[in-house]
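Each remark here refers to the structure printed beneath this line.
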Amino acid sequence: MKKIGILCAGDTELAPFLEHMKGQQITEKAMLKFHTGTINHVNVSAVYSGVCKVNAAIAAQLLIDMFHVDLIINAGTAGGMKEGVQLFDTVISERVIYHDVADDILTDFHPWLKSNYFLADQELCAIARAYSRRSKHPVLFGTMVTGEQFIEDEKREEINQKFDPLSTDMETAGVAHVCYVNRIPFLAVRTITDTVTHQGIETFDQNCEAASEISAEIVLGILGQLD
């Protein structure tokens, strides 16, 4: 049976998973708490990393090295980028890119990508697509961007023109990067807390808990389809 790593940025995003976890054991490493147990008979190790790329990368590498997970799902919340992306839509990654890293850094240097995008695992995407047809929540598939800033209007336009993303956050590409170099399947499932028409940190705070519940529900639905 596969062992699943679930990585969230914050404790609010992780909480719905812990509510479903049985036989929970906690391991502490690098100032992080890893929760290991079963969710619906699936072996899971789950952690919230803290915000930003390096924190997420540390947590992802520890999930791989200490808990020997077979795949990692990055769950939680995101900001909507494109017009038409609505509050509480869920975005599932097809590809992920840093919006704050120069285009040639990851192609001309380690890990020598063919493009500057990290691709989500195709099998996981297919499973997610199949589940999404039965989900009561709107689910979108496409590009996510990652960078360590809360996006304002001027920057939003620049990023949209360059990458055409559905969502933005501060961790996903860091997790995808770690999974790529370790050859570990990766998927991100993030629910929208704020959009082009509903902006600001207050909007995020207001919607974070409800969005986290939706993201977790969809992730658990996907887990139920795994062999």
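The values are calculated or read from the model by the stated rules, or taken from the named source; none is laboratory data. Keep in mind the model is a prediction, meaning the values are calculated, not measured. Here the Cβ positions follow ideal geometry from the backbone for every residue, glycine too, while neighbour counts run over all protein chains shown.
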For region 57-104, enumerate the residues that are of a type in the set (S, T, N, Q) and within 13 Å of the chain's Cα centre (by Cα). Asn74, Thr77, Thr90, Ser93
Flagged in region 14-39 as under 16 Å from Ile72 (Cβ atoms) and not in a strand (DSSP E or B), in numbering order, are Leu14, Phe17
Qualifying positions in region 40-89 - acidic (Asp, Glu), closer than 15 Å to Ala188 by Cβ and in a helix (DSSP H, G or I): none
With the structure loaded, tell me whether Ala15 is touching a Gly at 6+ places or on another chain (Cβ under 9 Å) and touching a residue at least 40 places away in the same chain (Cβ under 8 Å) or whether it fails that test. no
Condition first: touching a Phe, Trp or Tyr at 6+ places or on another chain (Cβ under 9 Å) and surrounded by fewer than 24 Cβ atoms within 10 Å (Cβ to Cβ). Now tell me which residues in region 56-78 satisfy that. Leu62, Met66, Phe67, Leu71
Scan the strands (runs of 3 or more DSSP E) fully inside region 103-199 and keep the ones with 2 or more residues being at pLDDT 95 or above, surrounded by fewer than 21 Cβ atoms within 10 Å (Cβ to Cβ) and touching a Lys or Arg at 6+ places or on another chain (Cβ under 9 Å). 139-146
From Ala173, Ala211, residue being in contact with a helix residue (DSSP H, G or I) (Cβ under 8 Å, 6 or more places away or on another chain) and of a type in the set (Gly, Ala, Ser): Ala173
Pick from Asp100, Asp89: which is surrounded by 14 or more Cβ atoms within 10 Å (Cβ to Cβ) and more than 26 Å from Ile214 (Cα to Cα)? Asp100
